[in-house]
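Structure, as structure tokens:
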Amino acid sequence: MLTPEQLADYNERGFLVLEGFAGHDACDQLRNRAEEMVQEFDPAEVVSIFSTREQNRLTDDYFMHSGDKIRFFFEENAFLADGQLRFEKEKSINKIGHALHDLDPVFDNFSRSQNVRDVAAAIGFANPLLVQSMYIFKQPNIGGEVACHQDSTFIYTEPTEIAGLWFALEDATVENGCLWAIPGGHRRGLKSRWLHSPADRMEFQVFDNEPWPEEELVPVEVSKGSLILLHGLLPHRSLENRSDRSRHAYTLHLIPAEANYPLDNWLQRPATMPFRTF
């Protein structure tokens, strides 16, 4: 799947864009399935808000124990002061996570395709484990900002090896909240870890307080069906979506089967549902 030039580009920049990786029909299948799931979800059951800015405060039980489940998380700006949704339910969900790839046949089939396996093998993940999946809506008008971060902060391995696969299910532009990345930023080392403490709370362990040089961020605009391959240490972010167009995406995170996955990572699986490969 990857030429020597593409692999060299990925190693140099920390990310690689593969245009046309998934067909439009495959993208639409994921979108339609996500819409069905949202229709079936009853917001009265639980309200969990996703935020990358106040994770210690806003993280709740529903989120912390979602590693082996399919759960729904709202946008920060989805609610009015009286607690009512600002827009209809379908336009208020931030994301679905975090075990779509194991629990839903449509997402499982997409996630374990031969093309995905080939990309993993090309970057040295011969027998990877699929750890986490997310369907991200980036809703029109209220789609929230995702602060500059490294995926290895949240999914940590020893040695530090993780790959993020970000599939554009719609065109992603500056206007509707595309990814931004710091080329070569993966060589700066890991800045922090998000830990599940013995007190059953989440906390950051900070290794480097130096702010990210966000002036070095570049937009990564891609068309529907593209794959953005992300090194786990690459600093990246996305801005708010204040346009009238959504920016749906599906993400997978892979680790090598031989890597050590610490018990203080936030995302854990019960022994009855271990991480699986392809």
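The values are calculated or read from the model by the stated rules, or taken from the named source; none is laboratory data. Model, not experiment: these values are computed from the prediction. FYI the Cβ positions are ideal-geometry reconstructions off the backbone, even for glycines, and counts take in every protein chain you see.
Going residue by residue through segment 190-201, is there one that turns out to be in a loop (DSSP other than H, G, I, E, B), surrounded by 18 or more Cβ atoms within 10 Å (Cβ to Cβ) and not small (Gly, Ala, Ser)? Looking for residues that are in a loop (DSSP other than H, G, I, E, B), surrounded by 18 or more Cβ atoms within 10 Å (Cβ to Cβ) and not small (Gly, Ala, Ser), one finds at least one in segment 190-201, hence yes.
Sort out which residues of segment 192-246 are among the acidic types (Asp, Glu) and more than 21 Å from Arg31 (Cβ to Cβ), and write them in order of number. First the steps, then the outcome.
Pass one, segment 192-246, residues among the acidic types (Asp, Glu): 200, 203, 208, 210, 214-216, 221, 240, 244.
Residues satisfying the conditions are Asp200, Glu203, Asp208, Glu210, Glu214, Glu215, Glu216, Glu240.
For Cys148, all conditions in the list (1) of a type outside the set (Phe, Trp, Tyr); (2) surrounded by 16 or more Cβ atoms within 10 Å (Cβ to Cβ); (3) closer than 22 Å to Glu19 by Cα; (4) touching a Phe, Trp or Tyr at 6+ places or on another chain (Cβ under 8 Å) hold save one; what is the number of the exception? With (1) of a type outside the set (Phe, Trp, Tyr); (2) surrounded by 16 or more Cβ atoms within 10 Å (Cβ to Cβ); (3) closer than 22 Å to Glu19 by Cα; (4) touching a Phe, Trp or Tyr at 6+ places or on another chain (Cβ under 8 Å) applied to Cys148, the lone miss is (3). Scanning segment 155-179 for residues that are modelled with pLDDT under 95 and either under 23 Å from Pro213 (Cβ atoms) or of a type in the set (Phe, Trp, Tyr) (or both) gives a single hit, Thr160.
Quick check, is Leu229 of a type in the set (A, V, I, L, M), within 26 Å of Phe107 (Cα to Cα) and in contact with a His (Cβ under 8 Å, 6 or more places away or on another chain)? Break it down stepwise before answering.
Details: of a type in the set (A, V, I, L, M): yes; within 26 Å of Phe107 (Cα to Cα): yes; in contact with a His (Cβ under 8 Å, 6 or more places away or on another chain): no.
No.
Considering each residue of segment 209-236, count those that are surrounded by fewer than 18 Cβ atoms within 10 Å (Cβ to Cβ) and not in a loop (DSSP other than H, G, I, E, B), and give that number. Going through segment 209-236 one residue at a time, the tally reaches 5.
Which one is surrounded by the fewest Cβ atoms within 10 Å (Cβ to Cβ) among residues in segment 25-39 that are in contact with a helix residue (DSSP H, G or I) (Cβ under 8 Å, 6 or more places away or on another chain) and of a type in the set (S, T, N, Q)? Please lay out each step first, then the result.
Filtering segment 25-39 for residues in contact with a helix residue (DSSP H, G or I) (Cβ under 8 Å, 6 or more places away or on another chain) gives 26, 29-30, 33, 35, 38-39.
Cutting the leftovers down to of a type in the set (S, T, N, Q) gives us 29, 39.
Values: Gln29: 17, Gln39: 9.
Looking at residues that are in contact with a helix residue (DSSP H, G or I) (Cβ under 8 Å, 6 or more places away or on another chain) and of a type in the set (S, T, N, Q), I get Gln39.
Of all residues in segment 86-130, exactly one satisfies the criterion of being surrounded by fewer than 19 Cβ atoms within 10 Å (Cβ to Cβ), polar (S, T, N, Q) and under 23 Å from Val38 (Cα atoms), namely Asn109.
Which of the residues that make up segment 171-189 are surrounded by 20 or more Cβ atoms within 10 Å (Cβ to Cβ) and either in a loop (DSSP other than H, G, I, E, B) or small (Gly, Ala, Ser) (or both)?
Applying the first criterion (surrounded by 20 or more Cβ atoms within 10 Å (Cβ to Cβ)) to segment 171-189 yields 172, 176-182, 185-186.
Listed by number, the residues that qualify are Ala172, Asn176, Gly177, Cys178, Ala181, Ile182, Gly185.
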